[in-house]
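Here the structure is laid out as structure tokens; the discussion comes afterwards.
The values are calculated or read from the model by the stated rules, or taken from the named source; none is laboratory data. This one's a predicted model, so the numbers in the text were calculated from it and none came from an experiment. Please note: Cβ atoms are built from the backbone with ideal geometry, for glycine as well, and neighbour counts cover all protein chains shown. Ligands, DNA and RNA are stripped out before the accessible areas are found, and what is left, the full protein with its side chains, is counted by its heavy atoms. Shrake-Rupley method; radii C 1.70, N 1.55, O 1.52, S 1.80 Å.
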Amino acid sequence: MGRFLKVGSDGTIRLPSRSDLLHRAYVPGRGPRVVFSITLTHRLLDPGLLGRIIAEHSATWPHITVLASDEHVYAQRVVECAVFNRVNIGTAYAEWSQFVDEQAPLLMELLNPGGHGAHSCRSSVIPVGLQTLVELDNTGPRLTPERVVHLTNCKVDRLRDYLRACNDLAEQYAAEARDLEAVGAERHEVEVEEAAARYFASFADLLGEAIALITG
């Protein structure tokens, strides 16, 4: 690719994208291969729709696999190679990049439309209930503290869990922005992470106000 890329703490490499989608590459522990991967949704709502998408997708993108695991849906391009070299990796990456920029956004919209929580959430951090609040905040009128209290049935312990998750997400996105800036990533890539950090910091403030309404 002509420049150094940072290997994350999870062993994956974040790849640049014209469409600002988060996708990564990693080398699995078995066999000489590289895997390009992107999460299409963190919560599969319609398995039947997924089946139709896979059937239609396989003809257009035969080398890219769409698979489901624990309600998550991923697209992957696996490159098998006896020796890693610029030709085979570069050819596969060119096809993968085209898929990420042209097809992945359409699949994401079909599988799970919404805002930040629909596609770019850290699945190990965001509780499902918080994802729902984020989607409501992005797809309808902005949530108010009163509305949050109503939607969560005044369960302050749950709101505190959501608040901790939001603060974690804000820190993760901010750290990702700093890491991208440090390795010389395009400015628009950094701005995507910065915007997500600001969003979750703001949402944390909203949850704090909701908690204050309950606790007085």
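Checking each residue in the range 178-193 for being part of a helix (DSSP H, G or I), of a type in the set (A, V, I, L, M, F, W, C) and more than 26 Å from VAL128 (Cβ to Cβ) picks out LEU180, ALA182, VAL190. Per the listing ARG77, ARG122, the residue uniquely touching a helix residue (DSSP H, G or I) at 6+ places or on another chain (Cβ under 9 Å) and at pLDDT below 80 is ARG122.
If only one of LEU143, LEU207 is open to solvent by less than 40 Å² (accessible area, probe 1.4 Å), at pLDDT 90 or above and not in a helix (DSSP H, G or I), which one is it?
Numbers: LEU207 fails: not in a helix (DSSP H, G or I).
Step by step, each of LEU143, LEU207 is checked, and only LEU143 is open to solvent by less than 40 Å² (accessible area, probe 1.4 Å), at pLDDT 90 or above and not in a helix (DSSP H, G or I).
Only one of the numbered conditions (1) modelled with pLDDT of 85 or more; (2) over 26 Å from GLU176 (Cα atoms); (3) out of contact with any Lys or Arg (no Cβ under 8 Å at 6 or more places or on another chain) is violated by HIS63, and that is (3).
Each residue in the range 177-197 was checked for being touching a residue at least 60 places away in the same chain (Cβ under 8 Å) and of a type outside the set (Gly, Ala, Ser), and 7 pass.
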